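Notes for the one structure printed next.
The values are calculated or read from the model by the stated rules, or taken from the named source; none is laboratory data. Quick caveat: nothing in here was measured; it's all calculated off a predicted structure. Here the Cβ positions follow ideal geometry from the backbone for every residue, glycine too, while neighbour counts run over all protein chains shown.
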Amino acid sequence: MKNTGVLTIVIIMSISVGCAKKGSEQAIISKDVEQNIIAKEVWSETVTGMKFRKIPRKSIFFRIGSPSTEQGRKDDEKQHTLRVEKYWIAETEVTQKQWNTIMSFNPSKFKGDDLPVDSVSWNLAQKFIKTLNTRTGKKFRLPTEAEWELAARAGTTTARYWGEGIGENNANCGRCGDPWDNTAPVKSFAPNNFGLYDMLGNVWEWTCSEYKKTYDDIEQKCVEGAESYVLRGGALNNSAKHVRAANRARSRPAGKLRGFNCGFRLAMDSPNE
């Protein structure tokens, strides 16, 4: 196995329960998850420079989906409790600089090294992952739908990791009070409590989970040959109702929703595998 990464430990001395945002809105943090984010392990992949966070520190139960009272809620967001094993997920969406390190072409509509790669189908994301795995000897993959939502919520139970409302300048999306007309450079907005950036807005993010309206336990599995796959997070051209931790979209593996607004971030079981 090639040694293609660097492992560091980041110790969080104190964690505030709630991320106050303009007024009295707060993102409520689950106590169980809060206990799992006191220490964070960060691993750096040296070919592309991607950084990964270990989430959670141990297996954890968390509630996926949205309450019936959540504004913008759809009927495929049934709340239920899952157990998720520890895994690693990238701090940012795959950037064009990282993409260009591995691939010979850039499909993005909006060009820039620090911008997320866009216009990516599920199949094309898999080609990137396969090539990266060959070069590094690692086992990168897309996150499952459950892993993605756990990472996006970062212990919060509100519609968004910064609070219930969309607010201003919290993410790159339609009518969100941000200055970007196109995709924004990654890390343009504050991270969530897990140290992850742009989990909402900017580009939709592919998961490896097949779309099922009632979940059917597929949300915890990577599936090959599915008719459609789940995308999460909303994008730069989406309104507030789409930019929620529980919101689900779907597309065929060769498709790209509206064409330009699909990207992805990587996950892995362990950098030691």
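Only one of these is among the β-branched types (Val, Ile, Thr), under 25 Å from Asn238 (Cβ atoms) and at pLDDT 95 or above: Thr69, Thr48. Name it. Before the answer, list the steps.
Numbers: Thr48 fails: under 25 Å from Asn238 (Cβ atoms).
After ruling out the rest, the residue left standing is Thr69.
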- Query: How many residues does the stretch 50-75 contain that are touching a Lys or Arg at 6+ places or on another chain (Cβ under 8 Å), within 29 Å of Ile129 (Cα to Cα) and not in a strand (DSSP E or B)?
  - Reply: 5
- Item | Search result, residues across the stretch 156-177 that are in contact with a Phe, Trp or Tyr (Cβ under 9 Å, 6 or more places away or on another chain) and more than 25 Å from Val230 (Cβ to Cβ) | Asn169
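Hey, among Thr134, Thr157, Thr183, which residue is hydroxyl-bearing (Ser, Thr, Tyr), surrounded by fewer than 19 Cβ atoms within 10 Å (Cβ to Cβ) and under 18 Å from the mean Cα position of the chain (by Cα)? First the steps, then the outcome.
Details: Thr134 fails: under 18 Å from the mean Cα position of the chain (by Cα); Thr183 fails: surrounded by fewer than 19 Cβ atoms within 10 Å (Cβ to Cβ).
Residue meeting the stated conditions: Thr157.
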- Checking Arg248, Arg244 in turn, the sole residue that is within 21 Å of Leu124 (Cα to Cα) and of a type in the set (Lys, Arg) turns out to be Arg248
- Task: Would you confirm whether any residue within the stretch 61-84 is touching a helix residue (DSSP H, G or I) at 6+ places or on another chain (Cβ under 9 Å), under 28 Å from Lys213 (Cβ atoms) and among the acidic types (Asp, Glu)?
- Result: no
- Inside the stretch 196-221, the number of residues satisfying the requirement of being more than 13 Å from Arg248 (Cα to Cα) and modelled with pLDDT under 95 is 5
